[in-house]
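A short write-up of the structure that comes next.
Every number in this text was worked out from the coordinates using simple rules, so none of it is lab data. The shown structure was predicted, so the numbers you read here are calculated from the model rather than taken from an experiment. Note that we place each Cβ from the backbone using ideal geometry, even for glycine, and neighbour counts take in every protein chain shown.
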Amino acid sequence: MIDWTPFVLSFKLAFVTTLILLLIGIPVAWWLANTRSRFKPFIEALVSMPLVLPPTVIGFYVLWLLAPESIIGSLLEKIGVEVVFAFPGLVIGSILYSFPFMVQPLQSGFESVDRSIIEASYVAGKSFAQTLLRVVLPAIKPSLLTAIIITFAHTIGEFGVVLMVGGSIPGKTQVASIAIYEYVEALDYEHAHIYSLIMVAISFAVLVSVYWLNRRFKRVAQW
C-alpha cells in the first residue's frame, strides 16, 4: 500500500517555496534586468550559486546558521520557532536551493520586454506597481509560468538540502525523495520502484506543461 504522506509533504513544500520565491524573485529579477550597477555580475553569480554548489553544502550552511547553538537559531528558539528538523527549515533550504530557477527565467523575460510599452504606461499616469502588474508581467507570461512550474518541480525533487536540514521524520520532514532513498537503503525495491515511477510521471508532466505552454504562447504572439 502506498503512503501518500511524503508526496503530500513534497507538494506542500513546493507550493510554499514557489509562492515565497515568486514574491522575492520578481523584484530581484527586475533589478537585475534593469540595473547598470557594476556589482551586477557579482549579484548574478550569487543568485546562480545553487546551480553549481552541491546541495549538501547549502544544507550544511543552513543547518549551521539555524542550529540552536547559533545566534539566529537561539533567537528563533527563544520565540518558540522550530526550524532545524522541522518544516520551516525545509522551506528555508528550498528557497535558497531553488532561487535561480525562479529568478533567471523572470530576468530573461524582463530583459525581452519592449521598453516603449513601459514608457507609454508611465506617460499614461500609471505607477511603477501598476505598470509591473498590469503591463510587464502579462507581457512575460511564458517566462513567468516557466519560472513557477520549474521552481515547483525542482523543489519536489530536492534531496540533499532537505535531508541535511530536516532529516527524515515521517509526516514532518520525510518528503518523497527521502522516502525513496530509505526504501532503497532497506532493499525494499518494490516500494522504491513505485515511488520513483510516480516521481518520473510528475517530472514528465511538468516538462510537457512547460513546453506546451511556451508553444501555445508563441502561437498567440504570432497571431
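Anything in region 138-170 that is surrounded by 16 or more Cβ atoms within 10 Å (Cβ to Cβ) and free of Cβ contacts under 8 Å to residues at least 24 places away in the same chain? List them, or say none. Residue satisfying the conditions is S168 alone. Among the residues making up region 112-170, those that are aromatic (F, W, Y) and part of a helix (DSSP H, G or I) are Y122, F128, F152.
Would you check if there is a residue in region 98-106 being in a helix (DSSP H, G or I), touching a residue at least 12 places away in the same chain (Cβ under 8 Å) and among the aromatic types (F, W, Y)?
Scanning region 98-106, I find at least one residue that is in a helix (DSSP H, G or I), touching a residue at least 12 places away in the same chain (Cβ under 8 Å) and among the aromatic types (F, W, Y), so the answer is yes.
Condition test on L23, is it more than 22 Å from G171 (Cα to Cα), within 17 Å of the chain's Cα centre (by Cα), in a helix (DSSP H, G or I) and among the aliphatic types (A, V, I, L, M)?
Details: more than 22 Å from G171 (Cα to Cα): yes; within 17 Å of the chain's Cα centre (by Cα): yes; in a helix (DSSP H, G or I): yes; among the aliphatic types (A, V, I, L, M): yes.
In short, yes.
Checked against (1) assigned to a helix (DSSP H, G or I); (2) farther than 20 Å from L144 by Cβ, T17 passes all but a single condition, namely (2). The residue of region 96-115 that is farthest from K40 (Cα to Cα), among those that are surrounded by 22 or more Cβ atoms within 10 Å (Cβ to Cβ) and of a type in the set (A, V, I, L, M), is M102. Screening F85 on (1) buried (at least 17 other Cβ atoms within 10 Å of the Cβ); (2) in a loop (DSSP other than H, G, I, E, B) shows it passes everything except condition (1).
Restricted to region 171-187, and to residues that are surrounded by fewer than 12 Cβ atoms within 10 Å (Cβ to Cβ) and either part of a helix (DSSP H, G or I) or not hydrophobic (A, V, I, L, M, F, W, C) (or both), which residue is farthest from the chain's Cα centre (by Cα)? Here the answer is E185. The residue of region 50-79 that is nearest to the chain's Cα centre (by Cα), among those that are part of a helix (DSSP H, G or I) and exposed (fewer than 11 other Cβ atoms within 10 Å of the Cβ), is V52.
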